[in-house]
Amino acid sequence: MKQTSENIFVEVVENRQLIKNLAHNDFKVKFAGSYLGTIWAFIQPVVTVLIYWFVFDKAIGMRVSVHGDLPLPYVLWLVSGIIPWFFFSDCISSGTSVLVEYSYLVKKVVFNVDILPVVKIFSSIFVHIFFVLFTVVLFLFFGYQPDLYILQVIYYSMGVLFFALGLSYLTSAISVFFPDVRQIVNIALQIWIWVTPIMWNINDMQARMPAVVLKLLKVNPLYYIVMGYREAFIEKVWFWEHPELTLYFWILTGFICLLGVTVFKRLKVHFADML
């Protein structure tokens, strides 16, 4: 299994220029034919943020604070938690269908299909970088100056990347034989966003939920990522200050990557026949 994952890593490095070109082309082609083109990639997440902000801040009156007592604009708390979700969700939804979408390449004997899930992940990075910069500007607008803690966004982005990549290898391979996986993934993402403390604050649930339920919610690997982004932007906490949670996340991510790559390698000889 270790040798398999190393082979994938070598193939990605050797084909890095091809991956870059395919990712750039994938990003442009996704919105080809529309008048606004790639601008749509940014409009939809912004509209989603505005809807959540209106519902939870203006309609429900959700309030959050820094360090337990200093009030914080809800929009800052929301955006800092939802931008990693946008990245993860886009990676998984597009990565799951990548083999079907690029079936014409899969059927080519000379093409290395191992790089296709990586192409989708890198295609999603363009929008993610924009929203990270957008979040920094939004914090500046509200008077919050960036500091060294903001550099942790790079670390947590890498966490999303590797976790999503492992899942994409797994789901993309299985979806070739079981097309319903793509629908299952979409439903799972709809549920996943609500069990992740993005719109709601897990600290406010201490008195409302049993301790065992809170622990289960924290087992969610996206909890680590969302919490990390907020600690980089708001709470000012370094990732190594959560050693147990950090170790758990990377062990789980490593397992998912090994599992996904192994399943992908074993099934890929049948991809062309099934597609």
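Over 31 Å apart at the Cα level, from the set LYS30/LYS107; LYS215/LYS236; LYS20/LYS108; LYS107/LYS218; LYS28/LYS265, are LYS107/LYS218.
Computed on the Cα atoms alone, the convex hull of region 61-210 gives a volume of 140 cubic angstrom per residue. Helices in the chain that qualify as membrane-span-like (whole DSSP H runs, Cα extent of at least 24 Å along the helix axis, mean Kyte-Doolittle hydropathy of -1.0 or higher) are 74-96, 116-141, 152-177, 243-267. Per atom type, the chain shows carbon and sulfur on 68% of its accessible surface, probed at 1.4 Å. Taken over the Cα atoms of the chain, the convex hull encloses 152 Å³ per residue. All C-alpha pair distances within region 185-275, sorted into 5 Å bins from zero, spread as 2, 11, 15, 19, 19, 12, 8, 6, 5, 3, 1 percent across the bins. Taking each residue as 0.36 nm, the span from ALA188 to ILE150 lengthens on full extension beyond its C-alpha to C-alpha distance by 10.7 nm. The chymotrypsin sites (Phe, Trp or Tyr not before Pro) found in region 155-224 that occupy coil by DSSP, while having at most 16 further C-beta atoms within 10 Å, are TRP200.
Multiply the residue separation of ASN21 and ASP180 by 0.36 nm, subtract the distance between their alpha-carbon atoms, and state the gained length in nm to one decimal.
Taking 0.36 nm per residue and subtracting the Cα distance, the gain is 54.2 nm.
The residues packed around PRO73, meaning those with a beta-carbon under 11 Å from its beta-carbon, carry a net charge of 0 if Lys and Arg are +1 and Asp and Glu are -1. With q set to 0.10, 0.16, 0.17, 0.18 Å⁻¹, the log10 of I(q)/I(0) for region 133-242, from the Debye formula over equal scatterers at the Cα positions, is -0.40, -0.91, -0.99, -1.05. Restricting the chymotrypsin sites (Phe, Trp or Tyr not before Pro) of region 116-148 to loop positions (DSSP other than H, G, I, E, B) with no more than 12 neighbouring Cβ atoms within 10 Å leaves PHE142. Binning all Cα-Cα separations of region 43-124 at 10 Å, short to long from zero, yields these whole-percent fractions: 16, 32, 21, 17, 10, 4, 0.
A simple count of charges around VAL185, restricted to other residues whose Cβ falls under 15 Å of its Cβ and scoring Lys, Arg +1 and Asp, Glu -1, yields -1.
Here the ratio of the Cα radius of gyration of region 233-275 to 2.2 N^0.38 Å is 1.92. Using a probe of 1.4 angstrom and keeping all protein chains present, the accessible surface of the chain works out to 52 square angstrom per residue. One Cα centroid belongs to region 210-235, the other to region 110-173; the line between them spans 18 Å. Whole-percent P(r), region 88-170, all Cα pairs, 5 Å bins from 0: 3, 14, 21, 18, 14, 11, 8, 6, 4, 2, 1, 0. Spin-label pair PHE141-LEU259: with each label point 7 Å from Cα along the Cα-Cβ axis, the two points sit 4.0 nm from one another.
The values are calculated or read from the model by the stated rules, or taken from the named source; none is laboratory data. Only a predicted model underlies this, so the values are computations on that prediction, with no experimental measurement involved. Here Cβ is always computed from backbone atoms with ideal geometry, including for glycine, and neighbour counts include all displayed protein chains. These area figures cover heavy atoms from the full protein model, side chains too; ligands, DNA and RNA do not enter into them. Shrake-Rupley method; radii C 1.70, N 1.55, O 1.52, S 1.80 Å.
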